[in-house]
1. Across the range 662-668, in residue order, what do the Karplus-derived ³J(HN,Hα) couplings come to in whole Hz, using 6.51 cos²θ - 1.76 cosθ + 1.60 with θ = phi - 60° and x for Gly and Pro?
2. Quick one: which residues, 5+ away or cross-chain, put their amide H under 5 Å from the amide H of Thr169? H built at 1.01 Å from N.
3. Quick check for me: using +1 on Lys/Arg Cβ and -1 on Asp/Glu Cβ, what's the dipole size of the chain about its Cα centre, in debye to the nearest 20?
4. Positive end of the dipole of the range 169-246, charges at C-beta (+1 Lys, Arg; -1 Asp, Glu), about the Cα centre: which of Gly241, Leu189, Leu219 has its Cα farthest in that direction?
5. Measure nothing but the geometry: give the 0 to 90° angle between the long axis through the Cα atoms of 370-385 and the longest principal axis through the Cα atoms of the chain, rounded to 10°.
6. Between Ala414 and Asp491, what length in nm is gained on full extension when 0.36 nm per residue of separation is reduced by their alpha carbon distance?
7. Please report, to two decimal places, log10 I(q)/I(0) for the chain at q = 0.06, 0.11, 0.12 Å⁻¹ as given by the Debye formula with identical point scatterers on the Cα atoms and no solvent.
8. Name the residues whose placed amide hydrogens come within less than 5 Å of the amide hydrogen of Gly691, ignoring near sequence neighbours (fewer than 5 apart) on the same chain.
Amino acid sequence: MTIASNLGFPRIGARRALKSALERHWAGTLDTAGLETEAARLRAAHRTLQVGLGISHVPSGEFSLYDHVLDTACLLGAVPPGYGWSNGPVSSATYFALARGTAQRPALPMTKWFDTNYHHLVPQLSPGQAFVLTANRPLDLLLEAKAEARRTRPVLLGPVTFLALSHGTAGNDPLDLLDGVLPVYAAVLRSLAEAGAAWVQIDEPVLALDLPDATRTALRRAYAVLAGAGGPKILLASYFGPIADNLPTALRLPVDGLHLDLVRGAADLDPVLQQASDQLCLSLGVVDGRNVWRTDLRATLGTLRRVADRRGARGLMVAPSCSLLHVPLDLGAEPELAPPLRDWLAFAVQKLAEVASLTRGLDEGDAAIAADLAASDRAVRSRRESPLVHRAAVAQRLDAVTPALLARPSPAPARRMRQRERLALPAFPTTTIGSLPQTEAVRQARAAFARGTIDAAAYDAAIAGWIDEAVAFQEAVGLDVLVHGEFERNDMVKYFGERLDGFAFTKHGWVQSYGSRCVAPPIIWGDAARPAPITVQWSRYAQSRTTRPMKGMLTGPVTLLQWSFVRDDLPRATVCRQIALAVRDEVQDLEAAGIAVIQIDEPAFREGLPLRQADRAAYLDWAVACFRLCSSGVRDDTAIHTHMCYSAFADIIGSIAAMDADAISIETTRSRMALLEAFAQDGNAYPNEIGPGVWDIHSPRVPSAAEMTELLGLARQRLADWQIWVNPDCGLKTRGWPEVQAALANMVQAARTLRQSAG
Ligand code: GLN
Ligand code: ZN
């Protein structure tokens, strides 16, 4: 019998129940016991749901109050000093201090979990780091399920991935600590077997990365120890891409089962079929755990049968490609999502039903799942043929893109001259990144408009009023290039997606970003196009209120793509090009409306980098081309700016230069301009203008003019004076007006000081 299994279930719960429990806990209105009770209630509900859907290997222990990497650090006693832990169980106060920081202590750093939009905390491991079993949470959660007579498959983050994602506090390599963590893992495994677990799932997604030999050696050492620990059968799980060149390592590990991501790593299947030992149980991740599309059951069943024909159905599992953490919970919560789109989607609940159905189809034949197959066939056909998905005009326009559309009329130095003439800016011009404080009044007006309690005229009047105030403030404080403030925007992706064809939005399609923070990404389901101008009205209005240049503010195509669920029936590059053409129309309309500086934000540009080095050049090629496609349709005297706010540019600086924006603003305050090194390398220097951020807007602290002058002095050591713009690190929407007023006044002062000293 084939086993229908799941690797992980969304934690957040229907209506984001976990989020509200956590926030009540942090606000002091729900105590630790109350939070635990609510978490246990959610876990029980999720177990019941999964069993009801026909899943026999239901995971346990993958639930987390905040993050599973942090959970693993706490399980192992990898808690840095100063957070109130010395031994025994890690208290919830310590746990949340590590996750969120306290007045005395910063939180652990956070970073993206592989190439997802989920963020994990980065454990800090000292060179002599000791590891102990603090409290056996994997066992507790197994027993919690057992008490309800449910058998679960405990999930552990594997020791090698845990160490690979950790940070050595003294430049030490965390992998050197492997021998310290293995006894703790071994003890946990033994306890799970004693409590009756038949299988344990150990996640080692590092297998989807380019691995140095040391990591492969660590995997061999680790699993030699864990296989002999007297624990349950080990299912080693890799996901997010093909195991590829790590297959020889993976297939020789002494484990009982191997989970393959056959959505992103379909290429693994043939070599695995050829090389895997007959005893190895294969978990076939055929249902996409990273995206929202319904599975083509008939085609997938074909793949499963091919495996079963080769290996026999014994020892097969059917599963999602990865944990369902990355997709929304239940399509059932979206009654307003219109057909036909609704018929083409599957969220976590629907995906598990697909897993169960495929399992049954494999064991019992097509007839056993005839209705499911018929519904799937219908959906596949209607999606393939839908004129809403495939629009001839979009395809024709894409076909007509020539290389000439990807280049500005003149090279950057010539453009710079014309822009200088037109804009007449001082040296070290000052500006901001776009958004100004989204005050309670702004949010209330938007909510009231959405609810229909105020009409469009009243809402527009409110927006116009805030723009007037913003313009007056920026003139008074002395900024050179102004912004309208983005008061009309809820979110930089949603605002554009809602106004583009081919994008859809859910009401409750939340996925966890970090801790209690969730996002509901748009679904790009059809050919993208812009039916009408999006930002022109407000930009034109704002420009009419001032003689200084008003910057137009757009979200770039790569970011719109990257922060959405993307259709899987076209290459991502093609979808991105469609969006780029839509943004191009907007850029040209802004220019025609008299806007002389247009900023196209691409904060997600780097996030799109593939996990494997060999795939990166192709990504960078099309991502750069999309930026150029959207930005090249303007005259020389129109300045194109872009903005990115993350660290680490060194390895992509060539691509950033190739985007050929006239100026880029970046986040450099926390690194004290060290990030500029990448932009100043000898022989490889960034050729255009740069606004290195001088105000860390993630903190309420107002930096003094002297501090900002000092930072700018550091920037001048790396850049030519003509290159430098003066701006904050990022948008100001999360800040309050008093801080913004004070900090921008100081920033303008710093620019003036610089102008004087530079003569
Ligand atoms: N223009 C956007 C803003 O100012 C940029 C946001 C971002 O970088 N994520 O809010
Ligand atoms: Zn930013």
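No lab work stands behind these numbers, since they all come straight from the coordinates. None of the values given here were measured: they were computed from a predicted structure. Cβ sites come from the backbone with ideal geometry, for glycine too, and all protein chains shown count toward neighbours.
1. Once rounded to whole Hz, the list reads 6, 8, 10, 10, 9, 8, 10.
2. Counting only residues 5 or more places away or on other chains, the set is Leu125, Ser126.
3. Numbers: 77 positive and 80 negative charges, 102 e Å.
With only Lys, Arg, Asp and Glu charged at Cβ, the dipole is about 480 debye.
4. Projecting each Cα onto the dipole axis, the largest value belongs to Leu189.
5. 20 degrees
6. On the way: separation 77, 0.36 × 77 = 27.72 nm, distance 3.52 nm.
Gain on stretching Ala414 to Asp491: 24.2 nm.
7. After summing over all Cα pairs, the log10 values are -0.39, -1.30, -1.48.
8. Ile664, Ser665, Ile666, Trp725
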